[in-house]
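The values are calculated or read from the model by the stated rules, or taken from the named source; none is laboratory data. As the structure is a computational prediction, the values presented were derived from the model and not from experiment. All Cβ positions, even for glycine, are placed from backbone atoms using ideal geometry, and neighbour counts span all protein chains on display.
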Amino acid sequence: MRSLIYVVTAMAVIGLAFWAYRENYETQAALSESEHLSREIGRAHERLAVLKAEWAYLNRPERLRDLTEINFDRLGLLPFRPEQFGQVDQIAYPQPDRVDVSDPVDITSAGADQG
């Protein structure tokens with residue numbers, strides 16, 4: 001009987017050791033993947049910062065003004081003037097649709113006094 005307990009205990013220890021070994025390698029693989037993704041996210045943030053800087057550089061008002069002057073024959077773009085802008089109270093908002101009720105229906109709750 002004692003030898004059976006020793007064998008079962010030894011098998012349990014071997015099984016737990018094998019499980020711990022696999023968990024250790026899966027954890028290391030997950031950490032490695034996490035570090036890889038973190039580096040990739042960092043590179044994406046750097047690329048985004050560069051793209052934002054390029055966008056800001058390309059959209060400088062003086063550059064756009066020069067481009068409109070160069071391409072005036074093709075585009076016909078003119079600079080904005082203050083009198084081209086309106087005020088909020090000049091905006092015509094659409095009116096809501098009106099519902100014409102020609103035959104009204106009297107609605108009362110069931111069993112209530114109709115007095």
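How about segment 51-62: which of its residues are part of a helix (DSSP H, G or I) and surrounded by 10 or more Cβ atoms within 10 Å (Cβ to Cβ)?
LEU51, LYS52, ALA53, GLU54, LEU58
Test THR27 against the criterion of being over 34 Å from the mean Cα position of the chain (by Cα) and either surrounded by 10 or more Cβ atoms within 10 Å (Cβ to Cβ) or in contact (Cβ under 8 Å) with a residue 12 or more places away in the chain (or both), and give yes or no.
Criteria not met by THR27.
Output the residue which, of all residues in segment 89-103 that are modelled with pLDDT under 85 and aliphatic (A, V, I, L, M), is nearest to ARG65 (Cα to Cα).
Within segment 89-103, the match that is nearest to ARG65 (Cα to Cα) is VAL99.
Would you mind finding the one in ARG65, ARG47 that is part of a helix (DSSP H, G or I) and without any contact (Cβ under 8 Å) to a residue 12 or more places away in the chain?
ARG47
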